[in-house]
Amino acid sequence: MGKYFGTDGFRGKAGVDLTADHAFRIGRFLGWYYRKLHPEGESARIVIGKDTRRSSYMYESALAAGITSSGSDAYLLHVTTTPCVSFITRTDNFDCGVMISASHNPFYDNGIKLMNGEGEKMDDDLQDLLERYLDGEGEKISWCSGEDIGKTIDYYQGRNRYLGYLTSIVSHSFENHKIGLDCANGSTFSLGRALFDALGAKTYAIHTEPNGLNINVACGSTHIESLQQHVRENHLDVGFAFDGDADRCLAVDERGEVVNGDKIMYICAKFMKERGQLPTNTVVTTVMSNFGLYKALDRIGISYEKTAVGDRYVYENMKEFHHSIGGEQSGHIIFRKFAHTGDGLITALMLMDVLIETQMPLSVLASEVTMYPQVLKNVRVDDKDGTLQDPAVIAAVNAATERLGTEGRVLLRKSGTEPVLRVMSEAGSDAECLENVDAIIAAMEQSGHLIEVKK
C-alpha cells in the first residue's frame, strides 16, 4: 500500500485527510495521463460515480474540474454503486473509472476508488505515479485552454444500462417472493427497489431516504439488526443488506437470522458445482474466512484458496487461476462471470436464483455451515515484523496450533495502516478462543513488544 492509496482507494475524513484539493489534483493527473495515450487532439474519457455522502458532491465537482482542465472529458453517473462504475467503465470503453465513496464508513469519511479500463482496481504502479504527483514530484501538468479544455457530460443513461444488465442475468422471475432490502441510505436507495420491482418481487425496502448525513447510520450490512426485525415483522422470505456503495451484501433468512458472506459463498458454490458451473472446483477466500466454511467445503469436496484480506486480492487470484467465485465474510463476493468487483446486487440475485431453483428456505441452505466461535484482539506493538519473528511469539502460536489440531486455528495479521497486529483464534468455544489469543498476547508482553491491547 502507498502513502495515500490503500487496498480500496484513498480514504479518510472528508475535508481533513481527503480534501477537495486532493480530488482536483487526482483529476488533473488522470486527465493528463490518459490523454497522453490518445492521438493528438482526442480527449480521454473518464467516468465518475458517487454515493450519497454530502462530501461526495464536492469531490465530484473537484474531480471533474481537474479532469477537464487537463483536456479530458468527465462523464457523471451521479449517485450509483461502485459495481455500476466498474461495469460501465468496462463495457462503454472508458479509459478509467472513479468512484467516490468510503463504503461502509460513517458519512464524515469519504474515499476515491480508481479503476482501470477493465473496471478492475487500478494498477499499483500507476497509483504510485499519482502519489508522486500529489506530493509535488513527477512531471508538471500544463493547463489546457480554448477548445482543448475537456467537457463534463451527464451520463445518467449508464445507470439504466447497468440496471438492464442486472435484470438480464437472472434466470427466474421473483414473482410472489417477499424480499426485504436495507439500502443503508446509500447508493442503492433507488436502484435496489427498481431492480427487485422489475423482477416481479414484492419489495420491502428500508433506509431509502438519504440526506447526506445518514448513510450507514444504524443500518446496512454493518448494522443489520433493523433488517432482521423488518424481515420478522413482515414475514418476509429473505432480506438483503447493502453497504454505502453496494459492493457488499449480507442476507437475512426467513427467521431473521444473519447469513454472512462465508455462508453465501458456500451456498452459491455448492449450487454452481451441482450444475457444472464451477469449472475449477474452487472458492477463493481470505485468511479471515471462518474455519466452519472450510469444514463445510471439505465435506462436499470443494477446494479453496486463501488470500490476504481485501477483495482486490481475491479478484487477482480468481483472474490468474480462472476461478468463478470468491469473497469475504463481510459480504464482498465476486462472481467473475458477471463482474470484476464485489457486487452486492449481483450477490443478492445469485442467492435468489438458488432459493427459487432449490425451493428451499435460506435457513435450511445456510444450516450446512456451522460457524466456529471467533475471538479477535487488536494489539499495538513496537514493531510488527519484529513481533511476528520473535521466537517466543512463534512458540506461542505453534503451541496453540498444536492444541487445536484440526478443530480450530490461530492467525496473526498485520494492520495495513497502523502499528497493530490482529490476533485471532477460532475454536469450539469462546473460552478456548480467548485462551489461545491471550496466550499469544502474553508472549508478546514477555518479549517486550506489547504496547497495549486496544479496546
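Bear in mind that the values in this text are calculations on the coordinates, not laboratory data. This one's a predicted model, so the numbers in the text were calculated from it and none came from an experiment. Glycine also receives a Cβ, built like all others from the backbone with ideal geometry; neighbour counts cover every protein chain displayed.
Relative contact order of region 5-159, taken over Cα pairs closer than 8 Å and 6 or more residues apart, is 30 percent.
In straight-distance terms, cross-link reach from K3 covers every one of the aspartates and glutamates whose alpha-carbon lies under 17 Å from its own, apart from those fewer than eight places away in the same chain; here that gives D17, D21, D123, D124, D125, D128, E131, D135, E137, E418.
Across region 300-306, computed HN-Hα scalar couplings (Karplus, 6.51 cos²θ - 1.76 cosθ + 1.60, θ = phi - 60°) run 9, x, 9, 7, 8, 10, 10 Hz from first to last residue, x flagging Gly and Pro.
Take T347, T280 and order them by how many other Cβ atoms sit within 10 Å, fewest up front. Can you show the working numbers first?
Working: T347 31, T280 15.
Fewest-to-most ranking of T347, T280: T280, T347.
Site pair D154 and D123 shows an inter-label distance of 3.6 nm when each label is modelled 7 Å from Cα along Cα→Cβ. Note that region 207-224 has calculated 3J(HN,Hα) couplings of 6, 10, 10, x, 10, x, 10, 10, 4, 6, 7, 6, 7, x, 5, 8, 9, 7 Hz, one per residue in order, obtained from phi through the Karplus relation 6.51 cos²θ - 1.76 cosθ + 1.60 (θ = phi - 60°); glycine and proline are x. Couplings for region 423-430, taken from phi via the Karplus curve 6.51 cos²θ - 1.76 cosθ + 1.60 with θ = phi - 60°, read 9, 10, 9, 10, 7, x, 8, 4 Hz in order; Gly and Pro are left as x. The helix-based estimate of mean residue ellipticity at 222 nm for the chain, built from -39,500 (n - 2.57) per DSSP H run of four or more residues and divided by its residue count, is -12000 deg cm²/dmol to the nearest 500. Spin-label pair A431-R132: with each label point 7 Å from Cα along the Cα-Cβ axis, the two points sit 5.9 nm from one another.
Taking the Cβ of N110 as the center, what net charge do the other residues with Cβ under 10 Å away carry, scoring Lys and Arg +1 and Asp and Glu -1?
On the way: positive: R11, K13, K50, R53, R54; negative: D17, D51, D109.
Taking every Cβ under 10 Å from that of N110, the sum is +2.
Share of antiparallel DSSP beta bridges in region 236-376, in percent to the nearest 5?
Values: 9 of 16 bridges.
In region 236-376, approximately 55 percent of DSSP beta bridges are antiparallel ones.
Using a simple spin-label model with pseudo-atoms 7 Å out from Cα toward Cβ, K202 and H172 lie 1.7 nm apart. My understanding is that a pair violates if its Cα-Cα distance is over 28 Å; which of K13/K50; K319/K384; K178/K295 do that in this structure? Correct reply: K319/K384; K178/K295. Dividing the alpha-carbon radius of gyration of the chain by the rule-of-thumb value 2.2 N^0.38 Å gives 1.01. For the peptides 31-39, 165-173, 325-333, 61-69, the ranking by mean Cβ contacts within 10 Å, running from highest to lowest, is 325-333, 61-69, 31-39, 165-173. Looking at the chain alone, DSSP beta bridges between its own residues are antiparallel in about 55 percent of cases.
Need one number: the % of Cα-Cα pairs in region 374-453 sitting beyond the 15 Å mark. Value for region 374-453 (Cα pairs over 15 Å): 48 percent.
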